[in-house]
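Participant: The following block contains the structure, expressed as C-alpha coordinates.
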Amino acid sequence: MKFLVLNGPNLNMLGIREPEHYGKETYEYLENKVISYCNENGVECECFQSNHEGALVDKIQEAYGVFDGIIFNPAAYTHTSVAILDAVKSVSIPTVEVHISKVEEREDFRQISYIRLVAKKTITGLGTDGYLRAVDFLLDYLNKGESK
Ligand code: DQA
(Lines give C-alpha, C1' and ligand atoms only; values in the text may rest on other atoms or scores of the structure.)
Protein backbone atom coordinates (compact mmCIF):
# COMPACT_ATOMS: atom_id res chain seq x y z
CA MET A 1 0.00 0.00 0.00
CA LYS A 2 1.30 3.46 -0.90
CA PHE A 3 -0.07 6.81 0.34
CA LEU A 4 0.65 10.33 -0.85
CA VAL A 5 0.53 13.04 1.82
CA LEU A 6 -0.12 16.41 0.20
CA ASN A 7 0.08 19.78 1.93
CA GLY A 8 -0.85 23.10 0.40
CA PRO A 9 0.29 26.70 0.83
CA ASN A 10 1.87 28.01 4.01
CA LEU A 11 1.95 24.62 5.70
CA ASN A 12 5.75 24.75 5.31
CA MET A 13 5.45 27.55 7.89
CA LEU A 14 4.03 25.25 10.59
CA GLY A 15 5.63 25.97 13.95
CA ILE A 16 5.96 29.65 13.00
CA ARG A 17 2.54 30.61 11.60
CA GLU A 18 -0.41 31.32 13.92
CA PRO A 19 0.42 28.78 16.66
CA GLU A 20 -2.96 29.48 18.27
CA HIS A 21 -4.54 27.75 15.25
CA TYR A 22 -1.82 25.40 14.03
CA GLY A 23 0.26 24.56 17.12
CA LYS A 24 4.03 24.59 17.47
CA GLU A 25 5.02 21.46 15.55
CA THR A 26 7.04 22.15 12.40
CA TYR A 27 6.35 20.83 8.90
CA GLU A 28 9.48 18.65 9.16
CA TYR A 29 8.11 17.17 12.40
CA LEU A 30 4.76 16.49 10.68
CA GLU A 31 6.46 14.70 7.76
CA ASN A 32 8.54 12.50 10.07
CA LYS A 33 5.49 11.73 12.20
CA VAL A 34 3.34 10.62 9.24
CA ILE A 35 6.14 8.67 7.54
CA SER A 36 6.92 6.78 10.80
CA TYR A 37 3.26 6.01 11.40
CA CYS A 38 2.78 4.77 7.84
CA ASN A 39 5.88 2.58 8.05
CA GLU A 40 4.74 1.10 11.41
CA ASN A 41 1.53 0.16 9.64
CA GLY A 42 3.27 -1.38 6.64
CA VAL A 43 2.44 1.54 4.33
CA GLU A 44 4.88 3.31 2.01
CA CYS A 45 4.46 7.06 2.13
CA GLU A 46 5.59 10.09 0.15
CA CYS A 47 5.10 13.67 1.35
CA PHE A 48 4.83 16.72 -0.89
CA GLN A 49 4.20 20.35 0.05
CA SER A 50 3.74 23.25 -2.32
CA ASN A 51 2.61 26.85 -2.19
CA HIS A 52 1.52 26.60 -5.85
CA GLU A 53 -1.86 25.37 -7.06
CA GLY A 54 -0.50 24.01 -10.37
CA ALA A 55 2.27 22.07 -8.63
CA LEU A 56 -0.36 20.38 -6.46
CA VAL A 57 -2.46 19.58 -9.56
CA ASP A 58 0.65 18.12 -11.28
CA LYS A 59 1.44 15.97 -8.25
CA ILE A 60 -2.15 14.64 -8.09
CA GLN A 61 -2.04 13.75 -11.80
CA GLU A 62 1.32 11.99 -11.35
CA ALA A 63 -0.21 9.96 -8.48
CA TYR A 64 -2.47 8.13 -10.95
CA GLY A 65 -1.62 4.42 -10.97
CA VAL A 66 1.10 4.95 -8.35
CA PHE A 67 -0.66 5.68 -5.04
CA ASP A 68 -3.55 3.85 -3.35
CA GLY A 69 -4.66 6.78 -1.20
CA ILE A 70 -4.13 10.51 -0.76
CA ILE A 71 -4.11 12.39 2.55
CA PHE A 72 -4.62 16.00 1.62
CA ASN A 73 -4.57 19.31 3.44
CA PRO A 74 -5.08 21.78 0.59
CA ALA A 75 -4.86 24.66 3.12
CA ALA A 76 -6.26 27.91 1.64
CA TYR A 77 -6.91 26.17 -1.71
CA THR A 78 -9.56 24.11 0.11
CA HIS A 79 -11.81 27.15 -0.04
CA THR A 80 -11.06 28.30 -3.60
CA SER A 81 -9.75 25.62 -5.94
CA VAL A 82 -11.98 23.91 -8.47
CA ALA A 83 -8.75 22.85 -10.26
CA ILE A 84 -7.69 20.79 -7.24
CA LEU A 85 -11.17 19.26 -6.92
CA ASP A 86 -11.11 18.32 -10.62
CA ALA A 87 -7.61 16.83 -10.32
CA VAL A 88 -8.68 14.54 -7.44
CA LYS A 89 -11.81 13.57 -9.39
CA SER A 90 -9.66 12.81 -12.48
CA VAL A 91 -7.45 10.26 -10.75
CA SER A 92 -10.20 8.61 -8.64
CA ILE A 93 -7.78 7.88 -5.80
CA PRO A 94 -9.53 7.67 -2.39
CA THR A 95 -8.70 10.95 -0.66
CA VAL A 96 -9.06 12.13 2.93
CA GLU A 97 -9.30 15.87 3.62
CA VAL A 98 -7.34 16.95 6.71
CA HIS A 99 -7.23 20.29 8.50
CA ILE A 100 -5.08 20.95 11.53
CA SER A 101 -7.45 23.59 12.93
CA LYS A 102 -11.16 23.24 13.58
CA VAL A 103 -12.16 25.05 10.37
CA GLU A 104 -15.88 24.74 11.11
CA GLU A 105 -15.43 27.09 14.08
CA ARG A 106 -13.52 29.72 12.10
CA GLU A 107 -14.39 32.44 9.53
CA ASP A 108 -17.29 32.12 7.09
CA PHE A 109 -14.95 31.93 4.08
CA ARG A 110 -13.42 28.76 5.53
CA GLN A 111 -16.80 27.00 5.55
CA ILE A 112 -16.62 26.32 1.80
CA SER A 113 -14.60 23.24 0.86
CA TYR A 114 -14.38 22.11 -2.75
CA ILE A 115 -12.29 19.04 -1.92
CA ARG A 116 -15.02 17.85 0.50
CA LEU A 117 -17.23 17.14 -2.53
CA VAL A 118 -14.95 14.25 -3.44
CA ALA A 119 -13.22 13.37 -0.14
CA LYS A 120 -14.13 10.04 1.45
CA LYS A 121 -13.71 11.65 4.87
CA THR A 122 -12.88 15.01 6.44
CA ILE A 123 -10.84 15.31 9.64
CA THR A 124 -10.48 18.69 11.39
CA GLY A 125 -9.19 20.10 14.64
CA LEU A 126 -6.95 17.23 15.74
CA GLY A 127 -3.68 19.02 15.03
CA THR A 128 -1.10 16.88 13.25
CA ASP A 129 -2.71 13.72 14.73
CA GLY A 130 -5.42 14.25 12.09
CA TYR A 131 -2.99 12.94 9.45
CA LEU A 132 -2.56 9.72 11.44
CA ARG A 133 -6.31 9.27 11.76
CA ALA A 134 -6.48 9.71 7.96
CA VAL A 135 -3.97 6.85 7.58
CA ASP A 136 -6.19 4.70 9.85
CA PHE A 137 -9.27 5.57 7.82
CA LEU A 138 -7.63 4.83 4.46
CA LEU A 139 -6.24 1.50 5.67
CA ASP A 140 -9.67 0.47 6.91
CA TYR A 141 -11.42 1.80 3.79
CA LEU A 142 -9.02 0.14 1.34
CA ASN A 143 -8.87 -3.15 3.23
CA LYS A 144 -12.65 -3.37 3.24
CA GLY A 145 -12.75 -2.44 -0.46
CA GLU A 146 -15.58 -0.01 0.20
CA SER A 147 -16.81 2.62 -2.21
CA LYS A 148 -18.42 5.96 -1.33
C1 DQA B 1 -5.96 24.72 7.23
C2 DQA B 1 -7.21 25.61 7.34
C3 DQA B 1 -7.29 26.56 6.15
O4 DQA B 1 -8.46 27.37 6.26
C5 DQA B 1 -6.09 27.46 6.11
O6 DQA B 1 -6.13 28.29 4.97
C7 DQA B 1 -4.80 26.72 6.19
C8 DQA B 1 -4.70 25.54 7.05
C9 DQA B 1 -5.78 23.82 8.45
O10 DQA B 1 -4.97 22.90 8.37
O11 DQA B 1 -6.41 24.04 9.49
O12 DQA B 1 -3.80 27.13 5.62
O13 DQA B 1 -6.14 23.87 6.10
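Conditions (1) more than 16 Å from Lys2 (Cβ to Cβ); (2) in contact with a Pro (Cβ under 8 Å, 6 or more places away or on another chain), marked per residue:
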residue	(1), (2)
Ala55	yes, no
Ala63	no, no
Ile70	no, yes
His79	yes, no
Val91	no, no
Pro94	no, no
Ile100	yes, no
Ser113	yes, no
Thr124	yes, no
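Participant: Are any residues in region 56-82 away from the ligand (no atom under 16 Å from the Cβ) and either in a loop (DSSP other than H, G, I, E, B) or not acidic (Asp, Glu) (or both), and if so, which ones?
Facilitator: Val57, Lys59, Ile60, Gln61, Ala63, Tyr64, Gly65, Val66, Phe67, Asp68, Gly69, Val82
Participant: Give me the residue from region 1-33 that is of a type in the set (A, V, I, L, M, F, W, C) and open to solvent by 30 Å² or more (accessible area, probe 1.4 Å) and, out of that set, nearest to Ile70 (Cα to Cα).
Facilitator: Filtering first and then ranking leaves Met1.
Participant: Determine whether region 40-56 contains at least one residue that is closer than 22 Å to Tyr114 by Cα, open to solvent by less than 60 Å² (accessible area, probe 1.4 Å) and in contact with a Ser or Thr (Cβ under 8 Å, 6 or more places away or on another chain).
Facilitator: Yes, region 40-56 contains a residue that is closer than 22 Å to Tyr114 by Cα, open to solvent by less than 60 Å² (accessible area, probe 1.4 Å) and in contact with a Ser or Thr (Cβ under 8 Å, 6 or more places away or on another chain).
Participant: Just one of (1) open to solvent by 10 Å² or more (accessible area, probe 1.4 Å); (2) at pLDDT 95 or above; (3) of a type outside the set (Lys, Arg) trips up Gly145, so point out which.
Facilitator: Failing condition for Gly145: (2).
Participant: Can you name the condition, by its number, that Val96 falls short on among (1) in contact with a Lys or Arg (Cβ under 7 Å, 6 or more places away or on another chain); (2) under 23 Å from Met13 (Cβ atoms); (3) without any contact (Cβ under 8 Å) to a residue 40 or more places away in the chain?
Facilitator: The one condition Val96 does not meet is (3).
Participant: Checking Asp136 against (1) buried (at least 16 other Cβ atoms within 10 Å of the Cβ); (2) within 27 Å of Gly15 (Cα to Cα), which test does it fail?
Facilitator: (1)
Participant: Also, quick follow-up: Looking at this structure, is Arg116 under 17 Å from Ile35 (Cβ atoms), open to solvent by 80 Å² or more (accessible area, probe 1.4 Å), at pLDDT 95 or above and not β-branched (Val, Ile, Thr)?
Facilitator: Against the criterion (under 17 Å from Ile35 (Cβ atoms), open to solvent by 80 Å² or more (accessible area, probe 1.4 Å), at pLDDT 95 or above and not β-branched (Val, Ile, Thr)), Arg116 does not qualify.
Participant: In region 89-107, which residue that is in a helix (DSSP H, G or I) and more than 10 Å from the ligand (Cβ to nearest atom) is surrounded by the most Cβ atoms within 10 Å (Cβ to Cβ)?
Facilitator: Val91
Participant: Tell me which residues, restricted to region 40-59, are polar (S, T, N, Q) and within 18 Å of Ile70 (Cβ to Cβ).
Facilitator: Once the filter is applied, which keeps residues that are polar (S, T, N, Q) and within 18 Å of Ile70 (Cβ to Cβ), region 40-59 yields Asn41, Gln49, Ser50.
Participant: What are the pairs with Cβ atoms under 6 angstrom where one residue, in region 105-125, is more than 13 Å from Ala76 (Cα to Cα) and the other, located anywhere, is open to solvent by 80 Å² or more (accessible area, probe 1.4 Å) and within 11 Å of the ligand (Cβ to nearest atom)? Sequence gap at least six, or different chains.
Facilitator: The qualifying pairs are Thr124/Lys102; Gly125/Lys102.
Participant: Here are some residues: Asp86, Asp129. Which one is open to solvent by 50 Å² or more (accessible area, probe 1.4 Å), under 13 Å from the mean Cα position of the chain (by Cα) and more than 9 Å from the ligand (Cβ to nearest atom)?
Facilitator: The match here is Asp129.
The values are calculated or read from the model by the stated rules, or taken from the named source; none is laboratory data. From a predicted model like this one, the values you see are computed outputs, not experimental measurements. Glycine gets a Cβ as well: all are built from the backbone with ideal geometry, and neighbour counts include every protein chain shown. The accessibility values were calculated without ligands, DNA or RNA, using every heavy atom of the protein model including side chains. Shrake-Rupley method; radii C 1.70, N 1.55, O 1.52, S 1.80 Å.
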